[in-house]
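Data block below; observations after.
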Amino acid sequence: MIRLVKLNKAFGSQKVINNLDLDIPTGAITAIIGPSGEGKSVLIKLMIGLLKPDSGQILVDGEDITVMRRDQLNRLREKFGMLFQNSALFDSMTVYENVSFPLEEKTRLSSNEIRERVHEALEHVGLKGVDDKFPDQLSGGMKKRVALARALLLNPEIILFDEPTTGLDPIISRAINGLIRKTHERFGFTAVIVTHEVPEIFELCDYAAMLYKGKILMSGTPGEFLNSKDPLIGQFVKGELDGPLQFS
Amino acid sequence: MLFFIEKLGGLSLALLQEMGRMMNFILYSFYTIVRAPGKPFALFKQLHFIGAKSFFVIFLTAAFTGMVLGLQGYYTLLKFGSEGMLGSVVALSLIRELGPVLSALMVTGRAGSAITAEIGIMRITEQIDALESMALEPFKYLMSPRILSALIALPLLCSIFDLVGIFGGYVIGVKLLGVNPGAYFHEMQKSVEWKDIWIGFVKSISFGLIISWICCYKGYYTGHGAEGVSKATTSAVVMSSVLILIWDYFLTSVLL
């Protein structure tokens, strides 16, 4: 389980995360939703230690990552996989090299075994015959799938998805969401998805938490969100212009 | 007045913080080099990029520097009737000063800027975050091979610079202006000591450290977007070049 306790993070004078508490249940898909610019990506980067909080605790299976040394943090990160907003594929490497990279660096598998695993992962995300392509020769949806294959390869216990469908057309978005569901069912990892794409995400997630002004405004099941009487949550879920949510 | 003191204090603190961060950066880089040096292929790739690909620009710069030294040195020495000393003037200037400094400045412009831009782009496109998220150490993959390569490549490039420069001076002095070839090499042999070569070696290896340190650091802590990378690259080249010249003065005054 990931537990965030009284977490604070500011950039200069701008407080992004403000005394935030949140529990992420093991083995479930949890979506962190909220308007753009509310610090959702910051939150997910805090969870994996890419950013350091100003105060508070981040407990992963009971271990506080905020006080860990670099080598301890790296050991803990072996439990994680992460899919970045812009895929973050290594642009000087081919698709095959990108996906095989963590295996080559972290395992002692033979090149045949690596090839087998890479092709299995690529096939699982619906990609074939793209081994020799470079990331800039792929579409946005294909890049996300390659990144997902790379994230899945070391069988992580927790996968963090930073805006996995942002910038993709509705069909590809649905395909990516379906792929996340399918891989989750197969591998049973804990998934944390940061997104502002509601209500679509409610079809995928088991739980959701809404981040607003640095705090968790509400957490619960998709049904609870859809039936919420809170005007702010109602406005965000329905995507209405009028309401208490202010757009600047 | 209070405002001025406040500003000065703020600036001093920011400068101290930056210096501390830079020191941490290079110490952690060396720690990584010792603890997990990375794959030889990555080192050879960087050696090829920083060293082999700089050969042409080093050759060209060295040839013309040697030729200019030959010309200037000849007409200056002629006033004192000692043009036979030309070989000694050319060789000492190149081995002690111009070889290490000019080769370092050329490498800064050619490879240093590219190092900052490459690492900077990896930073803004979250490729460095991706490495970290996979529990892979970015210093092992990005910094160690570049720093090690610069430490190996710079002394080699500097020695090529010295050789080509001496030959450039020979072409102008001996072939064009008629200095006795025996005198050119004899005076050179008489005046150049192992200490001079050692000074050149120490300088070039320390310039290699300055270039790789500053350029990797600026790329790793680049600002946001394309503008951030462009500013980091400019700043890396300017800072490396200025530090090379300042460090050269200090080393010269200590080692002479």
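The values are calculated or read from the model by the stated rules, or taken from the named source; none is laboratory data. What you see is a predicted model, and the numbers here were worked out from it, not measured in a lab. Note that each Cβ is placed from the backbone with ideal geometry, even for glycine, and that neighbours are counted across all protein chains shown. SASA here: full protein model, heavy atoms, side chains in, ligands and nucleic acids out. Shrake-Rupley method; radii C 1.70, N 1.55, O 1.52, S 1.80 Å.
Using +1 on the beta carbon of Lys and Arg, -1 on that of Asp and Glu, and nothing else charged, what's the dipole of the protein assembly as shown about the Cα centre, debye to 20?
Details: 48 positive and 48 negative charges, 184 e Å.
For this selection, approximately 880 debye.
In segment B:114-159, what residues drop by 30 Å² or more in accessible surface going from the chain by itself to the full protein assembly, probe 1.4 Å?
Those are B:Glu126, B:Gln127, B:Asp129, B:Ala130, B:Glu132, B:Ser133, B:Met134, B:Ala135, B:Leu136, B:Glu137, B:Tyr141, which lose 30 Å² or more relative to the chain on its own.
Kindly sort A:Val192, B:Val242 by accessible area of their heavy atoms, largest first, with the probe set to 1.4 Å.
Numbers: A:Val192 0, B:Val242 75 Å².
Largest to smallest exposure gives the sequence B:Val242, A:Val192.
Calculate the dipole size of segment B:48-255 relative to its Cα centre from +1 charges on Lys and Arg beta carbons and -1 charges on Asp and Glu beta carbons; express the result in debye to the nearest 20. Provide the component values of the computation, followed by the final result.
Working: 13 positive and 13 negative charges, 57 e Å.
Rounded to the nearest 20 debye, it is 280 debye.
For A:Phe161, list long-range residues whose amide hydrogen, built 1.01 Å from N in the peptide plane, is under 5 Å from its own amide hydrogen.
A:Leu83, A:Val192, A:Ile193, A:Val194
Provide a list, ordered by number, of residues in segment A:31-54 showing at least 10 Å² less accessible area with every protein chain present than when their chain is taken on its own, using a 1.4 Å probe.
A:Lys45, A:Ile48, A:Leu50
Using a 1.4 angstrom probe with every protein chain in place, what is the largest-first accessible-area order of B:Met1, B:Met22?
My answer, sorted largest first, is B:Met1, B:Met22.
Based only on Cα atoms, what mean projected area does the convex hull of chain A have, in nm²?
Values: hull surface 56.1 nm².
Projected area, direction-averaged: 14.0 nm².
Just the number, please: carbon plus sulfur as a percent of the accessible area of chain B, 1.4 Å probe, no ligands or DNA/RNA counted. Working shown, then result.
On the way: 9430 of 12750 Å².
Carbon and sulfur atoms account for 74 percent of the accessible area of chain B.
Just to verify a number: what accessible area does B:Phe49 come out at with the full protein assembly present, 1.4 Å probe, Å² rounded to tens?
Its accessible surface works out to 60 Å², give or take rounding.
With all protein chains present, how much of the accessible area of chain A (probe radius 1.4 Å) comes from carbon and sulfur, to the nearest whole percent?
Numbers: 5590 of 11610 Å².
Carbon and sulfur: 48 percent of the exposed surface of chain A.
Could you tell me which residue out of A:Gly220, A:Leu50, A:Thr183 lies farthest along the dipole of chain A toward its positive end? Charges go on the beta carbon: Lys and Arg +1, Asp and Glu -1, centred on the Cα centre.
It is A:Leu50, whose Cα lies furthest towards the positive end.
Counting only C-alpha contacts under 8 Å and six or more residues apart, can you give the relative contact order of chain A as a whole percent?
Numbers: 433 pairs, mean separation 64.9, N = 248.
Relative contact order comes out at 26 percent.
Hey, what number do you get for chain A at 222 nm if only DSSP H runs of n ≥ 4 count, each worth -39500 (n - 2.57), divided across all residues, to the nearest 500?
For chain A, the value works out to -10500 deg cm²/dmol.
Contact order normalised by length for chain B, with contacts defined as Cα pairs under 8 Å and 6 or more residues apart; what percent is it?
Numbers: 332 pairs, mean separation 81.2, N = 256.
Reported relative contact order: 32 percent.
Among B:Ala52, B:Val192, B:Ala153, whose Cα sits farthest toward the positive end of the charge dipole of the protein assembly as shown (+1 at Cβ of Lys/Arg, -1 at Cβ of Asp/Glu, about the Cα centre)?
Most positive-ward Cα: B:Val192.
Kindly report, to the nearest 10 Å², the accessible surface of B:Arg110 as traced by a 1.4 Å probe over protein heavy atoms only.
70
Select from A:Asn86, A:Ser13, A:Pro135 the residue farthest towards the positive end of the dipole of segment A:1-135; place +1 on Cβ of Lys and Arg, -1 on Cβ of Asp and Glu, and compute about the Cα centre.
The residue sitting most towards the positive pole is A:Ser13.
Given a 1.4 angstrom probe, what's the average accessible area per residue across segment B:48-255, in square angstrom?
Values: 8810 Å² over 208 residues.
In whole numbers, segment B:48-255 has 42 Å² accessible per residue.
Quantify how strongly other chains surround peptide A:82-95 by giving the mean number of their Cβ atoms within 10 Å of each of its Cβ atoms. It would help to have the intermediate numbers written out before the result.
Details: counts 6, 2, 6, 1, 4, 4, 9, 4, 6, 5, 3, 1, 0, 0.
Across the residues of A:82-95, the mean count of other-chain Cβ atoms within 10 Å is 4.
Using a 1.4 angstrom probe on the protein heavy atoms only, could you order B:Thr234, B:Thr108, B:Thr222 from most to least accessible area?
On the way: B:Thr234 85, B:Thr108 0, B:Thr222 20 Å².
If we order B:Thr234, B:Thr108, B:Thr222 from most to least accessible, we get B:Thr234, B:Thr222, B:Thr108.
Ignoring everything except DSSP H segments at least 4 long, calculate the 222 nm mean residue ellipticity for chain B; use -39,500 (n - 2.57) per segment, divide by total residues, nearest 500. Let's see the in-between values first.
Working: 11 runs with 197 residues, N = 256.
That comes out to -26000 deg cm²/dmol.
So with the 1.4 Å probe, I'd like the accessible area per residue for chain A, rounded to whole Å².
Values: 11610 Å² over 248 residues.
Here the residues of chain A average 47 Å² of exposed surface.
Tell me, what is the 1.4 Å probe accessible area of B:Arg123, in Å² to the nearest 10?
Rounded to the nearest 10, that gives 50 Å².
Could you compute how much accessible area chains B and A hide from each other, both sides summed, with a 1.4 Å probe? Nearest 100 Å² is fine.
Values: alone 13680 and 12490 Å², together 24360 Å².
Answer for the B-A pair: about 1800 Å² buried.
So how compact is the protein assembly as shown: Cα radius of gyration and Dmax in angstrom?
Just the Cα atoms of the protein assembly as shown yield Rg and Dmax of 29.1, 101 Å.
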